[in-house]
Structure formats: C-alpha cells, structure tokens
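> There's a structure below that I have some questions on.
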Amino acid sequence: NSDKRIVIFGHSHEPKIVASENDDNEKCIYANSGTWIDHNPDKTTMNFIVITPQNDDVSSQTLVTLYNFENQKVTKMAEDSLRY
C-alpha cells in the first residue's frame with residue numbers, strides 16, 4: 001500500500017535498476033547500488049546511485065542513475081526515469 005515509486009538499496013547484491021508498475025499502473029523504479037567494498041569477486045565495486053529530480057517542465061523526468069567509480073573514473077552503468 002506504499003505510495004513510494006522509487007526504492008533505493010545499497011548492499012552486497014548485484015548492482016541494477018529494475019522498472020515495474022504498482023497497483024495503480026504507475027511506473028516504479030527499484031535501484032540497487034551493489035556494493036562499495038574494495039573487493040567483491042566477479043562483481044563490480046564502488047557503485048553509487050544519483051537521483052536527479054524533475055523540474056516544472058511537463059517533459060521533465062526524475063532520473064535514477066547507477067554509476068561505478070573505478071580507477072578515478074566514473075562510468076554510467078544504467079539509468080531509468082519516471083514522472084510524478
């Protein structure tokens with residue numbers, strides 16, 4: 001019965017962004033940053049999520065972006081968006 005449409009987790013799971021719909025047929029986003037630990041065999045490390053809020057423009061979307069930070073370089077891994 002939650003009215004939340006973006007859920008962010010960050011722990012030792014695989015980093016990903018998954019879109020779905022709630023019971024009101026509204027788009028929802030689940031994002032998991034994975035992990036920030038220095039050693040995670042066979043998976044990326046030092047991942048993070050950035051949420052960029054929409055503005056007042058009717059075409060604007062709230063962006064949810066998953067990044068990786070490795071060797072002093074930031075790389076976009078995934079991105080999705082929705083409008084409230």
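The values are calculated or read from the model by the stated rules, or taken from the named source; none is laboratory data. Note that the structure is predicted; figures quoted are calculated from it, not measured. Quick reminder, even Gly has a Cβ in these numbers, built from the backbone with ideal geometry, and neighbours come from all protein chains shown. Note: areas computed on protein heavy atoms with side chains; ligands, DNA, RNA excluded. Shrake-Rupley method; radii C 1.70, N 1.55, O 1.52, S 1.80 Å.
> Size of the dipole of the chain about the Cα centre, Lys and Arg at +1 and Asp and Glu at -1 on the beta carbon, nothing else charged, in debye to 20?
Dipole size: approximately 240 debye.
> Right, another one. With the cut-off at 1.5 for a/c, could you classify the chain from its C-alpha gyration tensor as rounded, prolate or oblate?
oblate
> Let me ask you something else. Hey, what do the phi angles of region 20-32 turn into as Karplus ³J(HN,Hα) couplings, whole Hz, using 6.51/-1.76/1.60 and θ = phi - 60°, x for Gly and Pro?
Values per residue, Gly and Pro as x: 8, 10, 8, 5, 9, 6, 9, 5, 10, 10, 10, 10, 10 Hz.
> Continuing with the same structure: Which residue fluctuates the most in the chain, going by a Gaussian network model with Cα springs under 10 Å, if the choices are N71, N40, N32?
N71
> Compute the length gained on full extension between A19 and S81: take 0.36 nm times their separation in residues and subtract their Cα-Cα distance, giving the result in nm to one decimal.
Extra length available between A19 and S81 comes to 21.4 nm.
> Would you mind telling me the share, in percent, of accessible area of the chain contributed by carbon and sulfur at probe 1.4 angstrom?
48 percent
> Beyond 15 Å, what percent of the Cα pairs of region 45-84 remain?
When every Cα pair of region 45-84 is considered, 45 percent fall beyond 15 Å.
> I've got another one for you. Using a 1.4 Å probe, what is the accessible area per residue for the chain, in Å²?
70 Å²
> So, one more: How far, in nm, would the chain grow between F69 and D42 when pulled straight, counting 0.36 nm per residue and subtracting the alpha carbon separation?
Gain on extension, F69 to D42, equals 8.1 nm.
> Can you return the lysines within cross-link range of K73? Criterion is Cα-Cα under 23 Å, with same-chain partners fewer than 8 residues away left out.
K16, K43
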